[in-house]
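Trainee: Can you keep this structure in mind? I'll have questions shortly.
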There are 2 protein chains.
Amino acid sequence: MQSETQTATALRDRSTRLFRGLQDLITSSLEAVDGREVFREDDWTHQQSGGGITRILQNGCIFEKAGVSTSAVSGALSDLLAGRLNTDAKEFYATGISLVLHPSSPMIPTVHMNLRYIELSNGDAWFGGGADLTPYYVFEDDARHFHLTLKNICDKHSREYYPHFKKWCDEYFFLKHRGEARGIGGIFFDYVRENLESFFLFVEDLGNGFLDAYIPIVEHRKNEPFGKPEKNWQLIHRGRYAEFNLLKDRGTLFGIETRGRTESILMSLPPEVKWVYNYQPALGSREEELLTVLRHAKEWV
Amino acid sequence: MQSETQTATALRDRSTRLFRGLQDLITSSLEAVDGREVFREDDWTHQQSGGGITRILQNGCIFEKAGVSTSAVSGALSDLLAGRLNTDAKEFYATGISLVLHPSSPMIPTVHMNLRYIELSNGDAWFGGGADLTPYYVFEDDARHFHLTLKNICDKHSREYYPHFKKWCDEYFFLKHRGEARGIGGIFFDYVRENLESFFLFVEDLGNGFLDAYIPIVEHRKNEPFGKPEKNWQLIHRGRYAEFNLLKDRGTLFGIETRGRTESILMSLPPEVKWVYNYQPALGSREEELLTVLRHAKEWV
């Protein structure tokens, strides 16, 4: 038990350093891709212990709103959370990186990545996270590129990761009340408690591979033409993103319940959204094509 | 017990008739006020038993999105809901009217009213509901008019209703994660189980008094000038409305969990919303005045 705790503590520091390094790497790369706007940084302190660094870029050339946050907080576990985690531990430590990029062009997909490492005071510890893509129009080669990049990272560590985490992602990001997935998926994992040392290396590779999975899609689609109808569809479809984050997202609800910094938690919400009653795309339209794809999980690679 | 059940069943039918009549009265009055658009109606059937009538007016002269719905559904009580209601009843019957009006002008407040009557198969029955106002700019006389109209309706039935239900409303519509109320309140009540016969008469008066509470405010503010900055503020502040409805609203979460018709449940969401990271109104501005008012419950009458 003693050695378990020591391992966990070393992982805590390594994870926190990894996430901070990724934040620097990713925000500087995204600034280069955007070419117009830069990230603005807010450092904040958690009411119990620790804090975070929230970086936001708004109204850029490519990104309408991009948020890349890290946090490392510790504190007492509320009864509600202890009950939900089914643990008798009294304290938690949580460190993570979370990013959501909302491009201005409806031809470029929204993307999300989260990597987190959590320790409880009884020695329990796990990794969670993933990356997933939310397009407004279906470009099969983009979906394949995103999934293939993630699969290659997974396969380096275990041939079982991609099929397992891909399925988990399809299930987790399914909006039952809409009968639709939030997007075309990616990978998702949570409560990974075994072989933490080697899993850390996978998490590291995933974090470092994020830009390879996403930026080529941005470069490929940034000059794709679009007009008001496509922008309008993007605003309507973004409503699903807001619904997911506020109704279902574990990170958002965890943050709200543990009284984290609201603006850092809700940075993931789209910059602009429309809710049009019972909007139905025209039969045979590209918008309807997206909804058809979102109704059933698909193997992209 | 037998007579209790009979009373409840008669109330069930009277409540459903009341709500349907109110829906007709309110939608025809709102069409007259709007002067341009009319309500479109969708009848739907609940997957268990019953259904509803959803009426929506969009892109009107006054109302950007107005939804007025009634429903009367029955079915098996899920374990989740039975646990939350702390009941051993197996079936429920729920009838209600729900309306949310989002005006186009930021000078006219958004308004919400809900009236509902619920029966369980073990004879338990209660009323819930209320009405509350969400302005984007503070007009004290509007807030006073709204509250005074509600208070007069309350006082006709019991001098205790208004102070009790007003406080309940302030508490229920407080967004802890924002440290702000959703709006300037009104009245809210739930699980009212005593004297159902006489409480029905109060619910009837409240439903019939809704137009008196709200329409004079619309008429008073509809020619108030505004520009892009005020419209932008409305879009940003509407984000709080979406956050409340998706994170907290009992009716929304009940509807989603009981697998009601999604478009009817989410008709309450604003037509257009902006989430700007960490938006802070200028010191001394009218926008800041609103946030100051929303931080602490206020006695308007």
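Trainee: Kindly indicate which of B:Thr54, B:Thr70 is closer than 27 Å to B:His237 by Cα, polar (S, T, N, Q) and open to solvent by less than 20 Å² (accessible area, probe 1.4 Å). Break it down into steps so the answer makes sense when it comes.
Mentor: Working: B:Thr70 fails: closer than 27 Å to B:His237 by Cα.
Answer to the check: B:Thr54.
Trainee: Which condition from (1) of a type outside the set (S, T, N, Q); (2) within 19 Å of B:Tyr191 (Cβ to Cβ); (3) surrounded by fewer than 19 Cβ atoms within 10 Å (Cβ to Cβ) is the one that B:Gly128 breaks?
Mentor: Evaluating B:Gly128 over (1) of a type outside the set (S, T, N, Q); (2) within 19 Å of B:Tyr191 (Cβ to Cβ); (3) surrounded by fewer than 19 Cβ atoms within 10 Å (Cβ to Cβ) leaves (3) as the failure.
Trainee: Pairs needed: first member in the range A:284-301, under 10 Å from A:Gly185 (Cβ atoms); second member anywhere, in a helix (DSSP H, G or I) and not aromatic (Phe, Trp, Tyr); C-beta distance under 7 Å; at least 6 residues apart or different chains.
Mentor: Listed by first residue and then by second, the contacts come to A:Ala297/A:Asp170; A:Trp300/A:Ala143; A:Trp300/A:Arg144; A:Trp300/A:His147.
Trainee: Can you find a residue in the range B:273-291 that is open to solvent by 20 Å² or more (accessible area, probe 1.4 Å) and assigned to a strand (DSSP E or B)?
Mentor: yes
Trainee: Related question: So which residues in the range A:75-102 are at pLDDT below 90 and open to solvent by 30 Å² or more (accessible area, probe 1.4 Å)?
Mentor: Result: A:Ala76, A:Ser78, A:Asp79, A:Leu80, A:Gly83, A:Arg84, A:Leu85, A:Asn86.
Trainee: Right, something else. Could you list, in sequence order, all residues of the range B:16-51 that are open to solvent by less than 50 Å² (accessible area, probe 1.4 Å), within 29 Å of B:Ser105 (Cβ to Cβ) and touching a helix residue (DSSP H, G or I) at 6+ places or on another chain (Cβ under 7 Å)?
Mentor: Answer for the range B:16-51, where residues must be open to solvent by less than 50 Å² (accessible area, probe 1.4 Å), within 29 Å of B:Ser105 (Cβ to Cβ) and touching a helix residue (DSSP H, G or I) at 6+ places or on another chain (Cβ under 7 Å): B:Leu22, B:Ile26, B:Ser29, B:Val33, B:Phe39.
Trainee: Look at A:His147 and say whether it is of a type outside the set (Phe, Trp, Tyr), buried (at least 17 other Cβ atoms within 10 Å of the Cβ) and under 21 Å from A:Asp190 (Cβ atoms).
Mentor: Working: of a type outside the set (Phe, Trp, Tyr): yes; buried (at least 17 other Cβ atoms within 10 Å of the Cβ): yes; under 21 Å from A:Asp190 (Cβ atoms): yes.
Criteria met by A:His147.
Trainee: For B:Ile265, all conditions in the list (1) more than 17 Å from the chain's Cα centre (by Cα); (2) in a helix (DSSP H, G or I) hold save one; what is the number of the exception?
Mentor: It fails just one condition, (1).
Trainee: If I filter the range A:221-272 down to residues being closer than 19 Å to B:Asn245 by Cα and of a type in the set (S, T, N, Q), which single residue comes out as surrounded by the fewest Cβ atoms within 10 Å (Cβ to Cβ)?
Mentor: Result: A:Thr262.
Trainee: Does B:Arg259 fit the bill of being within 11 Å of chain A (Cβ to nearest Cβ), touching a residue at least 12 places away in the same chain (Cβ under 8 Å), out of contact with any Cys (no Cβ under 7 Å at 6 or more places or on another chain) and assigned to a loop (DSSP other than H, G, I, E, B)?
Mentor: Numbers: within 11 Å of chain A (Cβ to nearest Cβ): yes; touching a residue at least 12 places away in the same chain (Cβ under 8 Å): yes; out of contact with any Cys (no Cβ under 7 Å at 6 or more places or on another chain): yes; assigned to a loop (DSSP other than H, G, I, E, B): yes.
When the stated conditions are applied, B:Arg259 passes them.
Trainee: Let me ask something additional. So which residues in the range A:13-51 are of a type in the set (Asp, Glu), over 22 Å from A:Val203 (Cα atoms) and within 21 Å of the chain's Cα centre (by Cα), if there are any at all?
Mentor: A:Glu31, A:Asp34, A:Glu41, A:Asp42, A:Asp43
The values are calculated or read from the model by the stated rules, or taken from the named source; none is laboratory data. Every value quoted in this text rests on a predicted model; they were computed, and no experiment measured them. Using ideal geometry, Cβ is built from the backbone for each residue, glycine included, and neighbour counts are taken over all protein chains shown. Just so you know, the surface numbers come from the protein's heavy atoms only, side chains and all, with ligands and any DNA or RNA stripped out. Shrake-Rupley method; radii C 1.70, N 1.55, O 1.52, S 1.80 Å.
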